[in-house]
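J.: Would you mind keeping the following structure in view while I ask a few things?
What follows is calculated from the coordinates using simple rules that are stated; it is not laboratory data. Note that the structure is predicted; figures quoted are calculated from it, not measured. Quick reminder, even Gly has a Cβ in these numbers, built from the backbone with ideal geometry, and neighbours come from all protein chains shown.
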Amino acid sequence: MQRFGLSERRACRLLGLSRTAMRYSHQPRNDEALRSRLKKLAERYNRYGYLMLHGMLRNEGLVQNRKRTYRLYTEMGLQVRTKRRKKLIRPRVPLDLPQCAGERWSIDFVHDQLSYGRRFRVLNLVDDYSRECVGQLIDVSISGQRRRGIWINSQSNAHCQKPLFVTTEPN
């Protein structure tokens with residue numbers, strides 16, 4: 001400004017800058033007390049995230065702005081360790097092979113698409129011993145009542161007897 005002989009007001013107007021922004025000087029905050037308290041709380045309550053810790057610090061009167069708490073939390077490298085879910089380990093037990101026809105039936109859905117894009121589904125009801133298709137239902141939408149209908153029709157056939165149990169798992 002002094003090199004070109006301009007006043008502060010005119011130089012700020014030419015640059016499109018407010019005069020308060022021109023005069024601003026950053027004053028660093030002393031966050032040491034806040035950092036040490038945040039560190040102590042994080043060590044004591046290691047399952048709490050930054051929001052819970054922020055609530056505790058706010059109750060103590062140390063902070064009002066949660067963005068500041070988050071900035072300090074990340075700068076200090078703090079984070080909540082997420083626990084991995086423990087999977088329940090069950091041994092896979094193979095199904096026993098059926099000893100006679102009609103002992104076990106399997107239900108399976110198959111779906112496909114016609115050349116013009118319409119999708120359809122096929123419900124297959126198979127005797128696991130003889131590998132005979134006991135019943136089959138083909139439609140674009142198969143409701144629970146329709147499934148029950150194929151079940152009743154398959155049982156009413158003269159050569160089919162009621163199975164001991166039905167499975168949906170592959171053999």
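J.: In whole angstrom, note down how far apart the Cα centers of the stretch 63-137 and the stretch 3-56 are.
T.: 50
J.: Additional query: Under a plain spin-label model, where a point goes 7 Å from the Cα along Cα-to-Cβ, how far apart in nm are Ser7 and Glu43?
T.: In this crude spin-label approximation the distance works out to 5.8 nm.
J.: Can I ask one more? Under the Karplus relation 6.51 cos²θ - 1.76 cosθ + 1.60, θ = phi - 60°, what is the ordered set of whole-Hz ³J(HN,Hα) values for the stretch 80-89, x standing for Gly and Pro?
T.: Calculated HN-Hα couplings, in order: 7, 7, 7, 7, 6, 5, 7, 7, 6, 9 Hz.
J.: List the residues whose amide H sits under 5 Å from the amide H of Gly135, counting only those 5 or more places along or on another chain, with H placed 1.01 Å from N in the peptide plane.
T.: The answer is Leu125.
J.: Let me ask something additional. With Cβ to Cβ distances under 13 Å as the rule, what net charge do the other residues near Leu125 carry (K, R +1; D, E -1)?
T.: Numbers: positive: Arg104, Arg131, Arg146, Arg147, Arg148, Lys162; negative: Asp108, Asp127, Asp128, Glu132.
Neighbour charge sum, excluding Leu125 itself: +2.
J.: Okay, moving on. Each residue of the stretch 93-99 in order: what ³J(HN,Hα) in whole Hz does its phi give by Karplus 6.51 cos²θ - 1.76 cosθ + 1.60, θ = phi - 60°, with x for Gly and Pro?
T.: So the Karplus estimates, Gly and Pro as x, are 9, x, 6, 5, 6, x, 9 Hz.
J.: Scan around Val63 for amide H atoms under 5 Å from its own, H built in the peptide plane at 1.01 Å from N, and keep only partners 5 or more places away or cross-chain.
T.: Answer set, sorted by chain and number: Arg58.
J.: Among His111, His54, His26, which comes first, then next, by fewest other beta-carbon atoms within 10 Å?
T.: Details: His111 10, His54 24, His26 5.
If I rank by nearby Cβ atoms, fewest first, I get His26, His111, His54.
J.: For Lys87, give me every one of the lysines with a C-alpha distance below 28 angstrom, ignoring sequence neighbours fewer than eight places off in its own chain.
T.: Qualifying lysines at Cα under 28 Å: none.
J.: Hey, another quick one. Would any residue of the stretch 79-119 have its amide N under 17 Å from a label point 7 Å out along Cα→Cβ of Leu51? List them or say none.
T.: Taking a point 7 Å out along Cα→Cβ of Leu51, the residues of the stretch 79-119 whose backbone N falls under 17 Å are 79-82.
J.: Can you put Lys67, Lys39, Lys87 in order, fewest other beta carbons within 10 Å first? Mind dumping the intermediate values first?
T.: Working: Lys67 9, Lys39 15, Lys87 6.
Going from least to most buried by this count: Lys87, Lys67, Lys39.
J.: Going Cα to Cα from Lys67, which lysines come in below 26 Å? Please leave out same-chain ones fewer than 8 positions away.
T.: The reachable lysines, counting only those whose Cα sits under 26 Å from Lys67, are Lys39, Lys40, Lys83.
J.: Quick one: length gained pulling Val80 to Arg92 fully straight, 0.36 nm per residue minus the C-alpha distance?
T.: On the way: separation 12, 0.36 × 12 = 4.32 nm, distance 3.53 nm.
Taking 0.36 nm per residue and subtracting the Cα distance, the gain is 0.8 nm.
J.: To continue, here is another question. Provide the FRET efficiency to the nearest 0.05 for the Val166-Val122 pair, computing r from the beta carbons and using R0 = 25 Å. Each step should come with its number before you reach the end.
T.: On the way: r = 17 Å, r/R0 = 0.68.
Plugging the Cβ-Cβ distance into 1/(1 + (r/R0)^6) gives 0.90.
J.: Run the quick spin-label model on Asp139 and Gln64: label points 7 Å from Cα toward the beta carbon, then report their separation in nm to one decimal.
T.: Computed distance between label sites Asp139 and Gln64 equals 6.7 nm.
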